[in-house]
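To start, the structure under review is shown below, and the notes come after it.
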Amino acid sequence: MSPKIPSFELSDFTKYQWAEILAQTNPKKCQNYSEAFRAKAEEYQSHGDSLAQGIFTFLSKMTCLSMALTGSNSTSLEISKRLSNDDLAILRELITTVSDPEMRARIADILWVCKRDTDRARPIQMARVAVHSYLQSAKTLEDVNEYTSCRDRIRRAAQLAPLTDGNTGKEMRCLVAQHIDNLIDRYADVENEFLTGSAMKVLQKELKESLKAIYSDLPGYAVKYAAVADQKAVFADKLQDYYQKLAYREIESKWHKIAGDQEAERRARWDIADAEVWYAQQAFIGKEPNSYAVAAGRIGSAIQAFRTIEDTFGKRQDTSERIQELHQIMLNYQQKSMSRMINIPIDFDDTEMHQKARELVTGKSICDALYALAFRYSLISNLADLQAEAEQDMESYKLRYLIQNVRVDKEGKTKAISGNGEDSIEHKMFKIANFYQGWYGLNFITPACKQICSEHDTSLDDLSFIVDENPFIPQGREPLYARGLLAGLQGDPVITAYLLIPQLENSLRHLLKQHGFIASKPDVIQDDHLLNKVLYSPNLKEVLTEDIIFIIKGLLVERMGANIRNEICHGLFDYSQFFQPQITYIWWLTLYLCLYGKLQAMDS
């Protein structure tokens, strides 16, 4: 563990009273300890005491490193690489003197994950110490207003427990389960908290494979926990807390499944679907922007939830009628939403537009945020408006259009020529649209994506609501779309472009085929039509609007537009060119088309 520090012994730690800092620091969290040690190291540095500085620098960095152990991305190998044998030797001595549960858990956990010990039994012993200590620390940090600290320590104890029990034992797993059971009993009647739910999720996830070994009467415990989850969902409903209500109903349904009660599980699943319907109505009550579009998306989620009930438990009259009823509601909302989409003007006060973009997605679930980004504002230029603007520009600057307009690349080579004549208006329209797309990408879409990423640790699974059972996405292409959409959301334009552009081309052919049109050559060798052929096919106007077709042409294949597909496919982009905002706009357009396809699937 760098930097190199002066050698010291256990007595040096006692001399500088490091344990008193633990006693004085609150709340009893590792990150607070790390900061306190860092401040102490800086204090001793100013005094010129290199030994004390080294001790507290070591403690600060050790506690900082151990934070990853209770995070979602902990890597034992990385921690082991950053600690030397001398570091571990110091920790083995320190743990014998530590009474603070949080610090003891951290040191024991590090000694377990590193496993560089001549006594082979010691790492297992340290893992057991870590389990006990994490549970003690979790008890200290119980707080209904901030449940994650307690949850993280219980979860880490649950991760370690099966490793210490081995193939035949269950002592540590039972210890963790008993801790959770006691916690559930303490907070069963408390309203507006998710500490109980988070602890139940540890049982259902980290200890899922161990439940039968832990509980002699597993169905009985499952029924007990399901009843608690049901009561918590009722509390959340009274408080109109959608997220808690949904989470507790999910937890309840899993307990019913474990208990083997299919009817109770179905009722819980029904409540989940109804929660989505309730959430849709909140779009109107809360006067959310373009509330009809927001509500339509949420009704779509409810329909999908009811269809899942049918898939799992079989079709019944009540679900079929409910799906049909919601489908009519969704169609009505969708129709009204299209008339309420707002054209967002080009405003060169970028700061204001960035703020508007962030506000659009702030505080929303990943699903709601992406639906809002796709449908709240119309970022697709109207063809008639583009033509009018092009004509006005050409009328205002007549002399300019008597001269050929040449577009060159970064090496000065001619890439396109627009001369006087009828085609000049279309070329000008492509140029105007290209400007708008770049502006939207830079000043609206990018800030919105950054805000979403700041609030959500999005994974591929989180985007399944977009790609699964989507008529715009051919079967087998779902993972490619999900990876491309995730890359664009997280700001990786290279992966975005290379994945989404060819998939977008294939989806356009797929749309033509779905509508009964031929998308391949009528030769002996039946090659599929390439993008140029597809985009200029009159049949495409039967499945997409002319506005969208024009935008795709300019983005991907037109020389006077961005022409990105052709440039990339022929290897004409260097690395920096992938960061042009038009690629961000391509990501948004793909998101729009996918979600629009999803809504169409719900209509069918």
How about the stretch 150-170: which of its residues are in contact with a helix residue (DSSP H, G or I) (Cβ under 6 Å, 6 or more places away or on another chain) and either among the hydroxyl-bearing types (S, T, Y) or free of Cβ contacts under 8 Å to residues at least 12 places away in the same chain (or both)? T164, D165
Condition test on S210, is it farther than 30 Å from I285 by Cβ, over 25 Å from the mean Cα position of the chain (by Cα) and not in a helix (DSSP H, G or I)? no
For L512: the one exception among (1) within 18 Å of the chain's Cα centre (by Cα); (2) of a type in the set (A, V, I, L, M, F, W, C); (3) surrounded by fewer than 22 Cβ atoms within 10 Å (Cβ to Cβ): (1)
Residues R106, R173: which one is more than 29 Å from the chain's Cα centre (by Cα) and either in the same structural domain as K28 (by TED's automatic domain parsing) or modelled with pLDDT of 95 or more (or both)? R173
Could you tell me whether A296 is buried (at least 22 other Cβ atoms within 10 Å of the Cβ), assigned by TED's automatic domain parsing to the domain that holds A280 and without any contact (Cβ under 8 Å) to a residue 40 or more places away in the chain? no
Identity of the residue in the stretch 27-81, among the β-branched types (V, I, T) and over 17 Å from Y16 (Cα atoms), that ends up modelled with the highest pLDDT: T63
Could you please find all residues in the stretch 444-460 being modelled with pLDDT under 90 and surrounded by 14 or more Cβ atoms within 10 Å (Cβ to Cβ)? E455, H456, T458
Checked against (1) within 37 Å of the chain's Cα centre (by Cα); (2) farther than 30 Å from V202 by Cα; (3) surrounded by fewer than 18 Cβ atoms within 10 Å (Cβ to Cβ); (4) polar (S, T, N, Q), T57 satisfies every condition except (3)
Search the stretch 176-200 for residues being more than 29 Å from the chain's Cα centre (by Cα) and outside any helix (DSSP H, G or I), and hand back the single one that is surrounded by the most Cβ atoms within 10 Å (Cβ to Cβ). A188
State all residues of the stretch 271-299 that are of a type in the set (A, V, I, L, M, F, W, C) and over 16 Å from Q240 (Cα atoms); if no residue qualifies, say none. A293, V294, A295, A296, I299
State yes or no: is L83 surrounded by fewer than 20 Cβ atoms within 10 Å (Cβ to Cβ), under 19 Å from S34 (Cα atoms) and not polar (S, T, N, Q)? no
Which of the residues that make up the stretch 444-487 are part of a loop (DSSP other than H, G, I, E, B) and without any contact (Cβ under 8 Å) to a residue 40 or more places away in the chain? S459, L460, D468, P474, Q475, G476, R477
Check K28 against each of (1) surrounded by 15 or more Cβ atoms within 10 Å (Cβ to Cβ); (2) assigned to a helix (DSSP H, G or I) and name the one condition it does not meet. (2)
If a residue must be under 16 Å from L595 (Cβ atoms) and acidic (D, E), how many such residues does the stretch 456-493 contain? 4
When you scan the stretch 128-146, do you find a residue that is farther than 25 Å from S99 by Cα, without any contact (Cβ under 8 Å) to a residue 40 or more places away in the chain and more than 31 Å from the chain's Cα centre (by Cα), even just one? no
Please work out which residue is nearest to M67 (Cα to Cα), limiting yourself to the stretch 109-152 and to residues that are basic (K, R) and at pLDDT 90 or above. R151
Which of the residues that make up the stretch 163-174 are at negative phi and surrounded by fewer than 19 Cβ atoms within 10 Å (Cβ to Cβ)? L163, N167, T168, G169, K170, E171, C174
So is I95 surrounded by 14 or more Cβ atoms within 10 Å (Cβ to Cβ), within 31 Å of the chain's Cα centre (by Cα) and either modelled with pLDDT of 95 or more or β-branched (V, I, T) (or both) or not? no
Could you identify the single residue in E42, E102 that is without any contact (Cβ under 8 Å) to a residue 24 or more places away in the chain and part of a helix (DSSP H, G or I)? E42
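Listed here are the residues, each with its yes/no results for (1) part of a helix (DSSP H, G or I); (2) at pLDDT below 80.
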| position | (1), (2) |
| --- | --- |
| I568 | yes, yes |
| L572 | no, yes |
| F578 | yes, no |
| Q582 | yes, no |
| Y585 | yes, no |
| T590 | yes, no |
| L593 | yes, no |
| Y596 | yes, no |
| Q600 | yes, yes |
Give the residues of the stretch 552-593 that are of a type in the set (G, A, S) and surrounded by fewer than 18 Cβ atoms within 10 Å (Cβ to Cβ), sorted by residue number. G571, S576
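So that you can scan it fast, the table gives a plain yes or no per residue for (1) in contact with a strand residue (DSSP E or B) (Cβ under 8 Å, 6 or more places away or on another chain); (2) within 23 Å of L593 (Cβ to Cβ); (3) at pLDDT 85 or above; (4) surrounded by 19 or more Cβ atoms within 10 Å (Cβ to Cβ):
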site	(1), (2), (3), (4)
S301	no, yes, no, yes
E310	no, no, yes, no
Q324	no, no, yes, no
M338	no, yes, no, no
E352	no, no, no, no
C367	no, yes, yes, no
Flag for A222 being assigned to a helix (DSSP H, G or I) and in contact (Cβ under 8 Å) with a residue 60 or more places away in the chain: no
List the residue pairs whose Cβ atoms are under 6 Å apart, where the first residue sits in the stretch 370-392 and is modelled with pLDDT under 85, the second is of a type in the set (K, R) and not in a loop (DSSP other than H, G, I, E, B), and the two are 6 or more positions apart or on different chains. A390/K428
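The values are calculated or read from the model by the stated rules, or taken from the named source; none is laboratory data. Being a predicted model, the structure only gives us computed values, none of them experimental. All Cβ positions, glycine included, derive from the backbone under ideal geometry; neighbour counts span all protein chains shown.
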